[in-house]
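This report concerns only the one structure given below.
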Amino acid sequence: SVHTTGAISITSVSKSFGKHKALDDVSLELAPGSVTVILGPSGSGKSTLLRSINHLERVDAGFIQIDGDYIGYQRRGDKLYELKEHAILRQRINVGYVFQNFNLFPHLTVLENLIEAPIAHRQLTKRDAVTRAGELLDIVGLRHKADAWPRHLSGGQQQRIAIARALMLNPRVMLFDEPTSALDPELVGEVLDVIKKLARSGTTLVIVTHEVGFAREVADNVVFMVDGKIVEQGNSTQVLNNPRHERTKRFLARVL
Ligand code: ADP
Ligand code: MG
């Protein structure tokens, strides 16, 4: 299929925490349906960049667009005005977010974890939410766990549920922040398999991960960050097999 939505455009974005520049003039263009892996040492600004794409961080300079819409802002003339909370929440429907630590609601069953927010926010009827949840549980291979409690699932299963939950409103863009870093090694593969399946579905994916083998296999683009800057970007073969930047070389030598 041909995908026409999910283009991400990041233009000259900077973000400081006190005196520390977490993002320093970052620009990045991601095509609809593309898969991008972000690599970089701890503290290089990867999470801040992902959070900014969803306006969970308000950037100090620059702007981010998804399919031309300014995230967190509305353009009038040549000025950007911050959107009201309800309008920001409406934009966030286009973006699914998956964190390292799953963050499932412990007091809700698997099915309830999926349907709770879309029903509460009146984004789906209960009937549609249950239907959609069933389809997604099939995709992540966990339909048989619909009535289970999160604490009775493995970390890998919990993360697959978190991915299904993030897909409930059919986002154009999915952001993953170290989705396998909290997992026992033997559970990493099942989560990466679900992300690979998604990669073939045409949703634009941006994934912060240290899984270089996965990046090699699945990523269209690989981005390498150091100290809040993108020091290298290109197709996965280029960046992973033939890195130009000294920091990329050293990083790859350590994780490979
Ligand atoms: P990464 O995800 O690559 O490890 P982060 O984006 O989390 O890096 O952090 C980049 C830098 O910004 C780090 O130096 C971190 O300490 C700092 N930082 C991130 N979030 C905050 C915050 N909310 N308050 C203060 N400093 C922060
Ligand atoms: Mg991080």
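The values are calculated or read from the model by the stated rules, or taken from the named source; none is laboratory data. Quick caveat, the model's predicted, so the values are computed rather than measured. Backbone-built Cβ (ideal geometry, glycine too); neighbour counts: all protein chains shown. When the accessible area is computed, the model is the full protein with side chains, heavy atoms only, and any ligands, DNA or RNA have been set aside. Shrake-Rupley method; radii C 1.70, N 1.55, O 1.52, S 1.80 Å.
Okay, here's what the table says:
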{"item": "Whole-percent carbon and sulfur share, accessible surface of the stretch 107-256, 1.4 Å", "result": "46"}
{"item": "Percent breakdown of C-alpha pair distances by 5 Å bin, ordered from the shortest bin, for the stretch 1-105", "result": "2, 10, 21, 24, 21, 14, 6, 1, 0, 0"}
{"item": "Area of residue 83 that stays accessible when all protein chains are in place (1.4 Å probe, Å², to 10)", "result": "40"}
{"item": "For the stretch 177-256, fraction of C-alpha pairs farther apart than 23 Å, in %", "result": "22"}
{"item": "Point-to-point label distance, residue 117-residue 237, nm (Cα→Cβ direction, 7 Å offset)", "result": "3.8"}
{"item": "Rounded accessible area per residue of the chain, 1.4 Å, Å²", "result": "49"}
{"item": "Highest-fluctuation residue, 96, 18, 141 considered, GNM on the chain with Cα pairs under 10 Å", "result": "18"}
{"item": "Inter-label distance, nm, simple model (7 Å from Cα along the C-beta direction), residue 125/residue 227", "result": "5.8"}
{"item": "Pairwise label distance in nanometres, residue 201 with residue 152, each label 7 Å out on the Cα-Cβ vector", "result": "2.6"}
{"item": "Normalised alpha carbon radius of gyration of the stretch 128-249 [divisor 2.2 N^0.38 Å]", "result": "1.18"}
{"item": "Surrounding net charge for residue 222, when Lys and Arg each add one and Asp and Glu each subtract one, Cβ distance under 10 Å", "result": "-1"}
{"item": "Exposure of residue 245 as accessible area (Å², to 10), given a probe of 1.4 Å and all protein chains", "result": "70"}
{"item": "Qualifying trypsin sites (Lys or Arg not before Pro) for the stretch 100-131 [loop in DSSP, other Cβ within 10 Å: at most 11]", "result": "122"}
{"item": "Using a Förster distance of 45 Å, the FRET efficiency for residue 78-residue 186 (Cβ separation, nearest 0.05)", "result": "0.25"}
{"item": "All lysines inside 29 Å of residue 229 as judged from Cα atoms, apart from same-chain residues fewer than 8 positions distant", "result": "15, 19, 21, 46, 79, 196, 249"}
{"item": "Extreme residue, positive dipole direction of the chain, given options 40, 62, 144 (C-beta unit charges)", "result": "62"}
{"item": "Largest-first principal axis extents, alpha carbons of the chain, Å", "result": "49, 48, 40"}
